[in-house]
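S.K.: If you scroll down you'll find the structure; I have some questions about it.
Every number in this text was worked out from the coordinates using simple rules, so none of it is lab data. Values in this document were obtained by computation on a predicted structure and should not be read as measured data. Here the Cβ positions follow ideal geometry from the backbone for every residue, glycine too, while neighbour counts run over all protein chains shown.
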């Protein structure tokens with residue numbers, strides 16, 4: 001089955017700096033890769049996703065890149081703000097309607 | 001759009017009792033819903049896939065007789081933790097996929113914190 005590895009487990013940056021979180025997956029059949037932000041005591045919130053027919057996607061300060069050959073994808077947050085502090089999870093899934101397999105999460109701390 | 005709710009948001013129960021958690025898609029129909037469990041400082045672990053009108057599919061290691069799932073309508077799935085024990089204390093989160101839409105985007109509920117005394 002699919003296995004998703006996520007690094008780093010913790011990341012501390014200064015406000016205004018960029019943050020990068022990387023994930024690798026094992027199943028070459030996976031074709032959907034979302035990123036979720038989870039604040040303490042709340043459910044995950046989708047922040048951006050990418051499908052296998054796209055190499056990069058950007059939404060304001062957030063971008064995701066995908067390298068299908070290497071089976072890895074990354075989340076990039078620019079101009080970080082204290083409110084970006086949260087746990088971020090990457091995930092992967094195959095065909096539509098199948099469950100997501102999550103990475104172990106990255107705790108991002110942005111200090112002002 | 002694409003809002004998923006859960007009820008209750010938190011529950012405390014005594015060991016040996018049963019607890020029911022509801023997951024509703026508020027503004028869309030969902031033929032498929034998923035139930036996840038999350039222990040403190042850990043990732044989300046898939047427990048089961050719930051399909052409307054059919055039996056749920058459980059992940060390896062998840063007891064189907066302990067975690068009863070019912071997906072009776074296109075907007076509601078329920079998870080019942082039977083004979084709960086302290087080790088069942090966790091954060092239970094559901095997600096739903098809008099029916100009829102291509103792709104695999106899942107929308108998550110806010111979670112239910114279960115504490116078993």
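S.K.: Which distance in nm do the two modelled labels at residue B:65 and residue A:40 give, with both placed 7 Å along the Cα-to-Cβ direction?
M.R.: Taking the simple label geometry, residue B:65 and residue A:40 are separated by 4.0 nm.
S.K.: Could you work out which residue, out of A:11, A:66, A:75, moves most in a Gaussian network model of chain A, that is, has the largest mean-square fluctuation with Cα springs under 10 Å?
M.R.: So, out of A:11, A:66, A:75, the one fluctuating most is A:11.
S.K.: Same structure, new question: Under the Kirkwood approximation for Rh and a Cα-based Rg, what ratio Rg/Rh is obtained for the protein assembly as shown? Each step should come with its number before you reach the end.
M.R.: Details: Rg = 17.6 Å, Rh = 18.1 Å.
Over the Cα atoms of the protein assembly as shown, Rg/Rh equals 0.97.
S.K.: Return the average number of partner chain Cβ atoms within 10 angstrom of each residue Cβ along peptide A:36-45. Intermediate results must be reported in sequence, preceding the final value.
M.R.: Values: counts 4, 0, 7, 0, 0, 6, 7, 15, 11, 3.
Rounded to a whole number, the mean comes out at 5.
S.K.: What whole-number value in cubic angstrom gives the convex hull volume per residue for the C-alpha atoms of region B:25-96? Intermediate results must be reported in sequence, preceding the final value.
M.R.: On the way: hull volume 6.4 nm³, N = 72.
Residue-normalised Cα hull volume stands at 89 Å³.
S.K.: Can you put B:64, A:104, A:37 in order of Cβ neighbours within 10 angstrom, beginning with the fewest? Intermediate results must be reported in sequence, preceding the final value.
M.R.: Details: B:64 13, A:104 17, A:37 20.
By the 10 Å Cβ count, ascending: B:64, A:104, A:37.
S.K.: Which whole-percent values make up P(r) of chain A when all C-alpha to C-alpha distances are grouped in 10 Å steps starting at zero?
M.R.: Going out from 0 Å in 10 Å bins, chain A shows 15, 50, 29, 6, 0 percent.
S.K.: So if R0 is 45 Å, what FRET efficiency would residue B:15 and residue A:18 give, r being the distance between their Cβ atoms, rounded to the nearest 0.05? Display every interim value, and only then the final one.
M.R.: On the way: r = 48 Å, r/R0 = 1.06.
Efficiency, rounded to the nearest 0.05: 0.40.
S.K.: I need A:79, B:87, A:2 ordered by Cβ neighbour count within 10 Å, fewest first.
M.R.: Working: A:79 12, B:87 9, A:2 17.
Ascending number of Cβ neighbours within 10 Å: B:87, A:79, A:2.
S.K.: Fewest Cβ neighbours within 10 Å first, please rank B:71, B:7 accordingly.
M.R.: Details: B:71 22, B:7 14.
Sorted ascending by nearby Cβ count, the order is B:7, B:71.
S.K.: Note the per residue figure in Å³ for the convex hull of the C-alpha positions in region B:54-93.
M.R.: Numbers: hull volume 3.4 nm³, N = 40.
Hull volume over Cα atoms, normalised by residue count, gives 85 Å³.
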